[in-house]
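Okay, structure first, notes after.
Nothing in this text is a laboratory measurement; each read-out follows from the coordinates by a stated rule. Worth saying up front: this structure is predicted, and the values here are computed from it rather than measured. Glycine also receives a Cβ, built like all others from the backbone with ideal geometry; neighbour counts cover every protein chain displayed.
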Amino acid sequence: MAEPARSIVVDPGLDETIKKLTPERIESTIKKVLTKEAAARLKVYMQTCVHCGLCAEACHFYLSHDKDPRFSPVGKVKQTLWEIVRKKGKVDGEFIKNCSRIAHTECNVCRRCSMYCPFGIDMAYLLLLVRRICAQLGVVPQYLQDTVNSHAVTLNQMWVKQDEWIDTLQWQEEDAQDEVKNARIPLDVEGAEIMYSVIGPEPKFLAQLLGNISMIMTVAGMDWTMPSFDGWDNSNMAMYSGDFETMARVERKHYEAAFKLKAKKIVMGECGHAFRGAVYDGSKWLSWKQSPVPVIHAIQFYYELIRDGKIKIGKKFEKPITVQDPCNVVRGRGLGEMLRYIMNAVCEDFRDVSPRFEHNYCCAAGGGVINCGPPWKKSRVEGNRVKAEQFKATGAEVVVTPCHNCHSGIEDIVDYYNLGMHVKFFSEILVEVMEIPEDMKAE
Amino acid sequence: MYELVSGPLVWISFIVFIGGSLYQLGSMLKLAKKDKVIYPYMSLKYGLRSIIHWIIPFASTNMRKRPVMTIMTFTFHICLVLTPILLLSHNILWYQSWKISWWTLPEATTDIMTVIVIAASIFFLMRRLVLSEVRFVTFPSDYLLLAIAAAPFLTGLVAYHQWLPYKTMLILHILSGEIMLIAIPFTRLSHMFYFFFTRAYMGSEFGAVRNSKDW
Ligand code: HEM
Ligand code: HEM
Ligand code: SF4
Ligand code: SF4
Ligand code: SF4
């Protein structure tokens with residue numbers, strides 16, 4: 001069966017960078033990554049995989065491309081890492097470009113496939129190794145590299161300057177006071193119980209989420225603070241480009257902010273990859289087995305607030321509503337039960353998805369794929385037709401996405417497949433339905 | 001010829017099989033130190049939990065999604081491992097040379113088990129040829145490995161029934177058995193022992209670290 005030809009995508013991050021590569025540089029970089037950085041997992045995974053193809057149906061890219069084998073997890077590894085190993089690193093620039101395309105834009109490193117391989121082979125890890133090689137060679141989709149550059153220079157993802165950051169917080173504090181008159185966003189309070197951190201795009205594009213958390217924290221009576229200085233951004237695109245040195249700097253700064261504020265724990269906004277970066281990949285690279293300060297994802301935080309009655313729900317949300325289980329906190333942290341608890345607590349008509357929990361399909365935006373920017377949007381959205389079908393089957397009108405990447409990715413899917421749904425963060429529903437005590441209500 | 005394959009070569013193949021497997025495991029354990037996450041994350045409880053879910057038929061989601069494959073692969077592997085161990089003629093040979101023997105299955109049963117292994121091998125071969133996701137990742141070596149796994153059963157079957165010249169078939173059978181033993185540590189057939197480690201690691205990462213399930 002001849003597979004349809006791949007459409008050509010122009011991306012200077014790949015097309016221009018490969019022109020500077022020499023065969024020697026490619027070979028020595030590959031050798032360095034495969035022998036100095038990778039060890040037992042690479043060897044054992046390479047030797048154990050029996051090429052059985054049982055992981056194929058785990059991948060939304062494969063399912064959405066009518067079972068085109070080039071999109072199966074093992075198919076992607078075959079086209080990249082197996083070739084690299086077989087040719088002992090003697091590959092050319094075009095090949096590296098194709099590796100980046102596959103590893104950076106056609107895999108969300110969501111690890112669904114490791115639950116379908118009978119050996120539990122971590123294909124996401126292998127594809128991250130491919131990303132690492134590409135990144136070391138400077139071959140990274142341009143938009144993604146730009147976010148990494150921003151991380152490297154400003155320690156946040158969106159080139160936000162400190163004065164803009166503080167301005168945004170103050171503006172959102174004032175906005176929150178329109179609803180909850182004593183709402184605050186306390187800055188740099190040493191010894192606060194909670195340091196709240198968000199991702200770069202919040203101040204940049206979704207500032208109202210900062211107002212929401214101000215209302216929620218105030219109504220719940222939390223002892224919290226946010227840093228006015230670097231370390232407030234917990235997102236981490238360097239983890240996904242393959243620039244692990246920058247990834248580690250970002251995570252270290254994030255934890256240093258918490259140390260400096262002597263916070264007992266970090267509560268983070270609704271983001272999956274940020275949680276993964278802080279708790280797993282970043283901590284690992286920094287030789288911490290676990291995060292040095294407990295990190296609580298928003299789902300768990302809201303769960304605790306609702307369960308303990310710190311937030312009371314008034315009139316529940318009525319429209320039929322469904323949810324996206326974000327891989328990095330459901331498959332990656334087991335928060336699926338809590339997510340259903342809070343959904344049922346705030347909604348009348350919650351319609352669950354199938355498959356769900358750990359088995360949910362990724363949104364196809366995560367793993368840095370959406371950050372590869374407009375050139376890759378079409379391929380990303382077409383790579384997740386199954387997600388559209390899954391949501392459609394619920395008959396819901398609203399989708400809750402407790403993850404930023406999921407949010408943007410699913411908005412694109414809803415749009416492209418004409419699902420006519422609204423995509424919301426959980427906090428947006430929560431501020432709509434929570435009871436604001438009389439003495440806090442703004443006139 | 002018969003003396004050679006049934007004497008020194010048997011020794012060599014068992015030594016290579018056992019020695020090679022130990023060597024591979026040893027170097028894996030050493031390399032695992034370099035891979036900094038492995039030892040800290042390994043958990044006996046979650047490792048075993050994962051192995052159990054993947055060693056019992058239909059205990060994992062993917063097995064339930066593919067019932068035919070699941071039945072085929074379990075019967076294939078069970079028969080493949082048990083037949084040579086519980087085979088009467090093998091037992092007699094062990095007794096003749098080492099004076100040890102153990103429980104055996106009736107020959108009619110092992111004969112059927114042999115046929116099952118061959119049938120399942122044909123099924124695997126068809127899968128490889130027909131399913132595009134398998135064909136796409138198939139190399140000539142995959143056919144070779146399947147042949148190495150099936151050959152002792154095919155030749156054993158023919159020898160047992162004496163369908164072809166017995167002596168020749170017996171030599172071929174023993175040779176193919178030896179090839180299989182020697183191939184296990186150095187080819188993808190080493191999944192036989194790596195299975196338990198890859199599963200245990202993934203189970204630990206999912207269970208102990210990520211608080212979720214991997215089946
Ligand atoms: C390495 C040394 C081996 C020796 C010396 C050996 C020897 C024999 C002998 C003498 C027979 C009996 C033939 C008859 O009944 O006349 C036999 C049958 C058989 N052997 Fe082996 N064998 C060896 C390895 C293996 C291996 C590695 C396997 C499979 C993994 C295997 C699978 C079988 C089977 C399935 C039969 C019986 C077939 C049937 O009853 O239909 N043998 N073997
Ligand atoms: C006893 C431990 C073993 C375990 C746990 C094990 C497990 C597996 C698993 C999980 C697969 C994946 C595909 C499938 O489900 O069929 C597989 C495939 C396979 N195994 Fe094993 N295996 C073991 C021993 C062996 C041995 C001793 C051999 C032969 C020497 C063997 C030969 C094969 C072959 C040929 C395939 C590939 C089938 C294909 O072509 O798709 N296995 N095994
Ligand atoms: S997108 Fe997810 S399921 Fe697909 S190959 Fe990557 S990690 Fe595996
Ligand atoms: S990764 Fe696992 S499921 Fe996929 S082909 Fe390899 S062994 Fe089979
Ligand atoms: S964006 Fe959401 S669904 Fe996609 S990988 Fe991240 S957490 Fe998973």
Looking at B:Ser132, B:Thr61, B:Gly7, which one has the Cα that reaches farthest to the positive end of the dipole of chain B (charges on Cβ: Lys, Arg +1; Asp, Glu -1)?
B:Thr61
Given axes a ≥ b ≥ c from the Cα gyration tensor, I'd like to know whether segment A:321-433 is rounded (a/c under 1.5), prolate (a/b larger than b/c) or oblate.
prolate
Can you tell which of A:Val431, A:Val295, A:Leu169 lies farthest toward the positive end of the dipole of the protein assembly as shown, using +1 and -1 charges on the Cβ of basic and acidic side chains (Lys, Arg; Asp, Glu)?
A:Val295
Put +1 on the Cβ of every Lys and Arg and -1 on every Asp and Glu Cβ in the protein assembly as shown; which of A:Val386, B:Tyr23, A:Pro326 then has its Cα farthest towards the positive end of the dipole?
B:Tyr23
For each pair in A:Lys76/A:Lys289; A:Lys31/B:Lys33; A:Lys253/A:Lys424; A:Lys88/A:Lys387, compute the distance between the two Cα atoms and list the pairs where it is over 28 Å.
A:Lys76/A:Lys289; A:Lys253/A:Lys424; A:Lys88/A:Lys387
Full extension from A:Asp415 to A:Lys87: what is 0.36 nm times the residue separation minus their Cα-Cα distance, to one decimal in nm?
113.8 nm
What nm value, rounded to one decimal, do you get for the distance between B:Ile179 and A:Asn182 when each label is placed 7 Å out toward the C-beta?
8.3
Computed ³J(HN,Hα) along segment A:56-73: with the Karplus parameters 6.51/-1.76/1.60, θ = phi - 60°, integer Hz and x for glycine or proline, the list is 3, 6, 6, 9, 5, 5, 5, 5, 6, 9, 6, 6, 6, x, 5, 9, 6, x
Please tell me which of these pairs span more than 30 angstrom C-alpha to C-alpha: A:Lys161/A:Lys265; A:Lys36/A:Lys264; A:Lys316/A:Lys392?
A:Lys36/A:Lys264
Check which residues have an amide H placed less than 5 Å from A:Ile296's amide H, if you skip close sequence neighbours.
A:Ile266, A:Val267, A:Met268
List every residue whose amide H lies under 5 Å from the amide H of A:Leu187, counting only residues 5 or more places away in sequence or on a different chain, with H placed 1.01 Å from N in the peptide plane.
A:Met226
With springs connecting C-alpha atoms under 10 Å apart, model chain A as a Gaussian network and identify which of A:Ala238, A:Ala56, A:Ala220 has the largest mean-square fluctuation.
A:Ala220
5 Å is the cut-off here: which amide hydrogens, built 1.01 Å from N in the peptide plane, fall below it relative to A:Cys110, excluding neighbours closer than 5 in sequence?
none
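Under the rule of -39500 (n - 2.57) per DSSP H run of 4 or more residues, summed and divided by the residues of the protein assembly as shown, what mean residue ellipticity at 222 nm is obtained, to the nearest 500 deg cm²/dmol? Walk me through the intermediate numbers first.
Working: 34 runs with 362 residues, N = 658.
Dividing the helical sum by the residues of the protein assembly as shown leaves -16500 deg cm²/dmol.
Which length gain, in nm to one decimal place, applies between B:Ala147 and B:Ser6 when the Cα-Cα distance is subtracted from 0.36 nm times their residue separation?
Answer, rounded to one decimal: 48.6 nm.
Please report the relative contact order for segment B:91-215, taking Cα pairs under 8 Å with a sequence separation of at least 6, and give it as a percent rounded to a whole number.
Details: 68 pairs, mean separation 19.3, N = 125.
It comes to 15 percent, rounded to a whole number.
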Cα-based radius of gyration of chain A once divided by 2.2 N^0.38 Å, which approximates compact folds
0.98
Among rounded, prolate and oblate, which fits segment A:87-185 when a ≥ b ≥ c are the square roots of the eigenvalues of its C-alpha gyration tensor, a/c under 1.5 means rounded, and a/b larger than b/c means prolate?
oblate
What spacing in nm lies between the two simple spin-label points modelled at B:Ile92 and A:Arg307, each 7 Å away from Cα in the Cβ direction?
6.6
Radius of gyration and Dmax over the Cα atoms of segment A:12-140, both given in Å:
14.1, 41
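Taking the beta-carbon count within 10 Å as an exposure proxy, list A:Thr147, A:Thr394, A:Thr35 from fewest neighbours to most.
Listed from fewest to most nearby Cβ atoms, that is A:Thr35, A:Thr394, A:Thr147.
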Kindly list the residues of segment A:165-202 that lie in the label zone of A:Lys264, defined by a backbone N under 19 Å from the point 7 Å along the Cα-to-C-beta vector.
A:186-197
